[in-house]
1. May I ask you to say which residue of Ser76, Ser90 is of a type in the set (Ser, Thr, Tyr), touching a residue at least 12 places away in the same chain (Cβ under 8 Å) and in a helix (DSSP H, G or I)?
2. Would you say Gly18 is touching a Gly at 6+ places or on another chain (Cβ under 6 Å) and of a type outside the set (S, T, N, Q)?
3. How many of the residues making up the stretch 1-45 are at positive phi and either of a type in the set (Gly, Ala, Ser) or without any contact (Cβ under 8 Å) to a residue 40 or more places away in the chain (or both)?
4. From the list Val104, Val87, Val114, which residue is in contact with a Ser or Thr (Cβ under 7 Å, 6 or more places away or on another chain) and either loosely packed, with under 14 Cβ neighbours inside 10 Å or at pLDDT 90 or above (or both)?
5. Hey, does the stretch 175-187 have a residue that's among the hydrophobic types (A, V, I, L, M, F, W, C) and over 18 Å from the mean Cα position of the chain (by Cα)?
6. Which of the numbered conditions does Arg145 fail, given that it passes all the others? Conditions: (1) under 18 Å from the mean Cα position of the chain (by Cα); (2) open to solvent by 50 Å² or more (accessible area, probe 1.4 Å); (3) of a type outside the set (A, V, I, L, M); (4) under 20 Å from Gly14 (Cβ atoms).
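The values are calculated or read from the model by the stated rules, or taken from the named source; none is laboratory data. It should be emphasised that the depicted structure is a prediction, and the values quoted were computed from it without experimental measurement. A quick note on method: Cβ atoms are made from the backbone with ideal geometry, for glycine too, and the neighbour counts reach across all protein chains shown. Note: areas computed on protein heavy atoms with side chains; ligands, DNA, RNA excluded. Shrake-Rupley method; radii C 1.70, N 1.55, O 1.52, S 1.80 Å.
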Amino acid sequence: MSELLVDFITSLDGYASGEGWPGFWGLEGPEYLAWLSEQPEVTYLMGANTYRLMSGFAAGEVPSGQDEFRPEEEASVDELTQASKVVFSSSLEGPLTWANSTLVRDDAVEAVRVMKSSGSGLLSTIGSLSLCRSLLRAGLVDRFRVVMFPVITGATGAERIYDGYPDVALEMIEHRTFDGRIQLVEYKPRELEHPPLGAPA
């Protein structure tokens, strides 16, 4: 059976990106980059908006506000190009042009449920905030990982991650600091029907 990881890279105030900011908010360091390179092979899950954005980067479209990609950003996009990707969309037309990408038009939650039960290895989301929210609500997420970068993007932040989420209890299973400034926290999530009535035991 496959394991599903929801994986976010965020500002401290919970934004997935910020207008005018480079990838990783320009704050990635050697420890963090080394950790990224050591990650196991995964199949990435994404929606149409993330596919359009990331496949555009892979085709050479530079993010708004930048003249060119930094080497770290190029390496990240190259790794994504080589990875297996499943794209859930009713609006995109197949076949998809980004290498190693498979288009699925079926309901994403049911498709992921089948992928988990019939497959092996690790499934991981990338971006795709509404997809992640739907998968969490469906009880399909095994691990919830957030890497927080030390910036607050109150004026320029885009894509607030947790809007529309249910209440979720998080059991910490991993934490780590990279380069003295980037904080990783990883949890096992459990959706709550209501807030706890008292302090946790």
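1. On the way: Ser90 fails: in a helix (DSSP H, G or I).
Of Ser76, Ser90, the one residue that is of a type in the set (Ser, Thr, Tyr), touching a residue at least 12 places away in the same chain (Cβ under 8 Å) and in a helix (DSSP H, G or I) is Ser76.
2. Values: touching a Gly at 6+ places or on another chain (Cβ under 6 Å): yes; of a type outside the set (S, T, N, Q): yes.
For Gly18, the condition - touching a Gly at 6+ places or on another chain (Cβ under 6 Å) and of a type outside the set (S, T, N, Q) - is met.
3. 3
4. On the way: Val104 fails: in contact with a Ser or Thr (Cβ under 7 Å, 6 or more places away or on another chain); Val114 fails: in contact with a Ser or Thr (Cβ under 7 Å, 6 or more places away or on another chain).
One residue alone meets the criteria, Val87.
5. Scanning the stretch 175-187, I find at least one residue that is among the hydrophobic types (A, V, I, L, M, F, W, C) and over 18 Å from the mean Cα position of the chain (by Cα), so the answer is yes.
6. (2)
A quick yes/no check of all residues on (1) over 30 Å from Ala34 (Cβ atoms); (2) surrounded by 11 or more Cβ atoms within 10 Å (Cβ to Cβ); (3) charged (D, E, K, R):
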residue	(1), (2), (3)
Val151	no, yes, no
Ala155	yes, no, no
Tyr162	no, yes, no
Arg176	no, yes, yes
Gly180	no, no, no
Arg190	yes, yes, yes
Glu193	yes, no, yes
